[in-house]
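Novice: Would you mind keeping the following structure in view while I ask a few things?
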Amino acid sequence: MTLKLLLSASAGALLLACSPQNTNSAETSATSQPAAQSQEAVESVETQSESERLNAWFQAIFEEDLAESPELQTYLNMVSEPAAYGQWDDNSEAAFNADLEQTRERLAAMRSQIDYDALDETAKISYRFYEFVAEDAIRQGEFWDHNLIFTQFFGPHTSMPTTLIGLHQVNNMDQAEGYVSRLEGLGPKLRVYIDQADARAQNGILPPAFAYETIINTARGMITGAPFDDSETASPLLADFEGKLENLDASDELKADLRTRARQALETSVKPAYEYLIETMQRHEVMADGRNQGAWAMPRGEAYYQARLSNYTTGLDLSADQIHETGLAEVERIHGEMRDIMAQVGFEGTVQDFFAHLRESDEFYYPNTDEGRARYLSEATAKVDALMEAAPNYFATLPQAELEVRAVEPYRIETATGAFYESGAIDGSRPGAYYINLANMREVPVYQMETLAFHEGAPGHHFQLSIAQELENIPMFQKFTVYSAYAEGWALYSEWLGKDMGFFTDPYQDFGRLSYEVFRAARLVVDTGLHSKEWSQEQAITYMLENTPMTEGDITNEVRRYTVWPGQAVSYKVGMMTIQNLRTRAEEALGDDFDIREFHDVVLTNGSVPLSLLSDMVDDYIAEKQG
């Protein structure tokens with residue numbers, strides 16, 4: 001068997017997006033068409049081992065997929081040809097279906113033409129990893145038309161500008177031309193998304209009523225300012241482009257021409273598309289008729305939600321009822337630990353009384369001023385720095401990428417969550433970033449600062465995502481595939497790990513750690529309540545107000561997030577508990593031979609593996625240590 005036979009089958013859904021920017025597929029996304037392979041390349045693998053053949057195939061299909069995804073090239077800063085920097089990916093239904101069929105063909109080819117038993121252990125993990133990715137993409141693809149495209153939390157109306165503002169560099173004329181070209185293409189692509197959303201609306205798949213105001217306001221914000229009106233303030237995209245032009249080594253005449261063409265593209269492509277989006281969302285708001293229902297109300301709601309749970313627990317085969325009951329039990333357990341801290345600080349009253357104290361007392365919040373925001377950023381940075389100093393005692397492998405702590409930018413502050421992480425570039429040209437939404441300082445209590453820094457920054461998302469990108473012994477697809485159960489499970493485990501590492505010495509910061517854990521446990525209850533048990537938004541908010549110390553505004557936003565993103569919220573606690581249980585299994589089996597640095601290497605040095613595969617990997621580690 002040769003690589004040529006495997007390459008005769010090509011696939012699409014290969015790489016998993018870290019953020020919900022493309023919601024038309026499951027967690028995996030990319031487009032691919034097979035690139036022609038030279039006969040020399042095919043013949044060169046005849047003498048390779050089975051593991052080398054498999055890895056060569058993975059590399060070939062990665063390169064093919066990369067060549068067909070200009071947006072992925074921009075994200076990874078791996079642009080092969082200048083023209084790609086001015087293009088968008090194909091987001092048509094036909095392209096999605098073609099990719100899905102290619103996934104089926106490629107999976108069948110791998111299974112029929114690679115001898116799994118002849119692979120080394122590392123390659124076996126890669127084989128099983130890809131197998132799960134493909135199987136999951138196929139399953140999720142059955143519900144492509146059930147995913148919401150535009151929501152108050154995510155959508156192409158924000159993700160495409162984010163690509164231009166956050167990722168598209170303008171260091172030369174080709175990149176500047178590419179920016180203008182993407183402005184010209186933004187409108188047509190956005191219209192395809194709008195028409196897809198309209199078709200789904202006609203079939204009863206609509207965003208909940210609460211989403212429309214934010215979608216519409218965000219869309220209006222994108223076309224407010226110059227060149228859309230007489231304002232002296234530039235609109236977000238124009239401000240970004242003109243700012244990037246300032247540092248471009250080009251003549252004033254060339255820069256003036258680029259500015260003129262950018263303004264034309266904004267007026268003739270971007271503006272009409274956003275106006276079309278606003279008009280469509282206004283129609284859909286009427287169709288929604290005040291309803292804020294979960295997945296259960298969709299045409300195939302029960303099956304769709306179970307598929308989402310399968311995706312977000314990566315093969316653990318848990319039902320909505322099982323997850324719901326686990327959440328109830330975990331909330332009660334964590335409340336017990338909270339009561340211990342309440343006794344430690346001398347607070348008399350119920351857990352709910354203490355929650356109210358934390359929500360209402362000014363001592364737990366910095367002023368809603370520039371000085372208050374600067375103080376929060378400075379202290380959050382210090383938390384990350386302290387963690388990094390202790391990390392070598394707990395991790396054999398550390399990320400090489402830098403980590404920055406940043407405030408969320410004004411252009412996306414309304415739609416951004418309270419905090420999140422964005423990966424750095426694979427070539428090191430862009431650091432990883434822990435973002436904090438400081439729009440309202442009453443939404444970022446100080447007592448949660450430490451746990452939030454460990455979750456979003458180090459050793460949470462920054463370690464998991466950066467180490468995966470920097471690995472040299474795994475295929476490229478494995479570096480960039482990110483499953484929420486693993487990534488968010490690791491990040492929540494990282495909060496818990498911080499206690500082992502000597503942090504959370506302040507009882508209020510420790511309570512902040514528990515407050516985030518109970519928040520994730522309550523998500524198990526609320527997500528399944530909203531999407532399986534027909535809970536109302538009010539029921540979900542009430543439950544979380546009674547059982548977590550989060551503010552009502554934060555809880556309301558979170559419940560609305562769960563409503564438009566079915567299943568994702570369960571991944572945190574399910575992933576955390578899985579990693580905790582695997583660590584306990586290893587500690588009990590190995591006793592004095594257990595090494596926390598080795599265990600973390602098992603977890604971190606194969607990418608964002610499905611939890612079912614991670615369990616087998618830990619078992620293999622235990623068996624190897626036992627000899």
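Novice: Please determine whether any residue of segment 450-459 is closer than 23 Å to R308 by Cα, aromatic (F, W, Y) and at pLDDT 95 or above.
Specialist: Within segment 450-459, not a single residue is closer than 23 Å to R308 by Cα, aromatic (F, W, Y) and at pLDDT 95 or above.
Novice: Another one. So which of V180, V170, V133 is within 30 Å of G432 (Cβ to Cβ) and part of a loop (DSSP other than H, G, I, E, B)?
Specialist: Details: V180 fails: part of a loop (DSSP other than H, G, I, E, B); V133 fails: part of a loop (DSSP other than H, G, I, E, B).
Exactly one residue qualifies, and that residue is V170.
Novice: Any chance segment 44-53 includes a residue that's among the small types (G, A, S), in a loop (DSSP other than H, G, I, E, B) and either assigned by TED's automatic domain parsing to the domain that holds T417 or modelled with pLDDT of 50 or more (or both)?
Specialist: yes
Novice: Which of the helices (runs of 4 or more DSSP H) found entirely inside segment 503-590 contain at least 3 residues meeting this: over 26 Å from the mean Cα position of the chain (by Cα) and farther than 29 Å from L614 by Cα? Before you say what the answer is, go through the steps one by one.
Specialist: On the way: elements: 507-531, 537-547, 552-564, 571-590.
Of the helices (runs of 4 or more DSSP H) lying wholly inside segment 503-590, those with at least 3 residues that are over 26 Å from the mean Cα position of the chain (by Cα) and farther than 29 Å from L614 by Cα span 507-531, 537-547.
Novice: Out of all the residues in segment 236-265, which are in contact with a Phe, Trp or Tyr (Cβ under 7 Å, 6 or more places away or on another chain) and either modelled with pLDDT under 95 or aliphatic (A, V, I, L, M) (or both)? If you could, list the steps in order and put the result at the bottom.
Specialist: At the first step, the residues of segment 236-265 found to be in contact with a Phe, Trp or Tyr (Cβ under 7 Å, 6 or more places away or on another chain) are 236, 241, 262.
Result: A262, single match.
Novice: For the subset of segment 90-128 comprising residues that are in contact (Cβ under 8 Å) with a residue 60 or more places away in the chain and in a loop (DSSP other than H, G, I, E, B), which member is farthest from the chain's Cα centre (by Cα)?
Specialist: Once the filter is applied, the top-ranked residue is D115.
Novice: OK, next. Kindly evaluate W57 against the criterion of being at pLDDT 95 or above, surrounded by 19 or more Cβ atoms within 10 Å (Cβ to Cβ) and in a loop (DSSP other than H, G, I, E, B).
Specialist: no
Novice: With (1) touching a residue at least 40 places away in the same chain (Cβ under 8 Å); (2) at positive phi as the list, and G591 as the residue in question, which single condition is left unmet?
Specialist: (1)
Novice: Against the conditions (1) at pLDDT below 95; (2) assigned to a helix (DSSP H, G or I); (3) more than 20 Å from the chain's Cα centre (by Cα), where does L66 fall short? Just the number, please.
Specialist: The failed condition is (3).
Novice: Could you check how many residues of segment 462-501 are within 13 Å of the chain's Cα centre (by Cα) and closer than 12 Å to V384 by Cβ?
Specialist: Residues meeting the conditions: 1.
Novice: Further question: Tell me whether segment 401-410 contains one or more residues that are in contact with a Ser or Thr (Cβ under 6 Å, 6 or more places away or on another chain) and assigned by TED's automatic domain parsing to the domain that holds V570.
Specialist: Step one: filter segment 401-410 for residues in contact with a Ser or Thr (Cβ under 6 Å, 6 or more places away or on another chain), giving 401, 405.
From what's left, assigned by TED's automatic domain parsing to the domain that holds V570: 401, 405.
Checked segment 401-410: at least one residue is in contact with a Ser or Thr (Cβ under 6 Å, 6 or more places away or on another chain) and assigned by TED's automatic domain parsing to the domain that holds V570.
Let's see how each residue does on (1) closer than 23 Å to H157 by Cα; (2) surrounded by 15 or more Cβ atoms within 10 Å (Cβ to Cβ):
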{"residue": "R375", "(1), (2)": "no, yes"}
{"residue": "L403", "(1), (2)": "no, yes"}
{"residue": "T415", "(1), (2)": "yes, yes"}
{"residue": "S429", "(1), (2)": "no, no"}
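Novice: For segment 431-468: of the residues being within 10 Å of E495 (Cα to Cα) and in contact (Cβ under 8 Å) with a residue 60 or more places away in the chain, which is surrounded by the fewest Cβ atoms within 10 Å (Cβ to Cβ)?
Specialist: L452
Novice: Among the candidates L72, L107, single out the residue that is farther than 30 Å from N172 by Cα, outside the structural domain of D195 (by TED's automatic domain parsing) and buried (at least 17 other Cβ atoms within 10 Å of the Cβ).
Specialist: Details: L72 fails: farther than 30 Å from N172 by Cα.
So the residue among L72, L107 that is farther than 30 Å from N172 by Cα, outside the structural domain of D195 (by TED's automatic domain parsing) and buried (at least 17 other Cβ atoms within 10 Å of the Cβ) is L107.
Novice: Same structure again: Which of the helices (runs of 4 or more DSSP H) found entirely inside segment 240-336 contain at least 2 residues meeting this: touching a Pro at 6+ places or on another chain (Cβ under 8 Å)? Steps first, answer last, please.
Specialist: On the way: elements: 252-265, 271-288, 301-313.
The helices (runs of 4 or more DSSP H) meeting that bar are 271-288, 301-313.
Novice: How many residues does segment 502-545 hold that are under 23 Å from A491 (Cβ atoms), touching a residue at least 40 places away in the same chain (Cβ under 8 Å) and among the hydrophobic types (A, V, I, L, M, F, W, C)?
Specialist: Residues flagged as under 23 Å from A491 (Cβ atoms), touching a residue at least 40 places away in the same chain (Cβ under 8 Å) and among the hydrophobic types (A, V, I, L, M, F, W, C) within segment 502-545 amount to 11.
Novice: If you take the residues of segment 389-420 that are hydroxyl-bearing (S, T, Y) and at pLDDT 95 or above, which of them is nearest to M476 (Cα to Cα)?
Specialist: T397
Novice: Quick one: would you say A209 is surrounded by 14 or more Cβ atoms within 10 Å (Cβ to Cβ) and in a loop (DSSP other than H, G, I, E, B)?
Specialist: Yes; evaluated as a whole, the condition is true for this residue.
Novice: What single numbered condition from (1) more than 30 Å from E472 (Cβ to Cβ); (2) crowded, with 18+ Cβ neighbours inside 10 Å; (3) at pLDDT below 95; (4) among the charged types (D, E, K, R) fails to hold for K383?
Specialist: Of everything listed in (1) more than 30 Å from E472 (Cβ to Cβ); (2) crowded, with 18+ Cβ neighbours inside 10 Å; (3) at pLDDT below 95; (4) among the charged types (D, E, K, R), K383 misses just condition (3).
Novice: Further, regarding this structure: Taking only segment 609-627 into account, find how many residues are assigned to a loop (DSSP other than H, G, I, E, B) and modelled with pLDDT of 95 or more.
Specialist: Pass one, segment 609-627, residues assigned to a loop (DSSP other than H, G, I, E, B): 609-610, 627.
Still in the list and also modelled with pLDDT of 95 or more: 609-610.
So the answer is 2.
Novice: Just the residues that are of a type in the set (A, V, I, L, M) and either surrounded by fewer than 17 Cβ atoms within 10 Å (Cβ to Cβ) or part of a helix (DSSP H, G or I) (or both), please, taken from segment 183-206.
Specialist: Going residue by residue through segment 183-206, those that are of a type in the set (A, V, I, L, M) are 183, 186, 190, 192, 194, 197, 199, 201, 205-206.
L183, L186, L190, V192, I194, A197, A199, A201 - these are the residues of segment 183-206 that are of a type in the set (A, V, I, L, M) and either surrounded by fewer than 17 Cβ atoms within 10 Å (Cβ to Cβ) or part of a helix (DSSP H, G or I) (or both).
The values are calculated or read from the model by the stated rules, or taken from the named source; none is laboratory data. Computed from a predicted structure; not experimentally measured. FYI the Cβ positions are ideal-geometry reconstructions off the backbone, even for glycines, and counts take in every protein chain you see.
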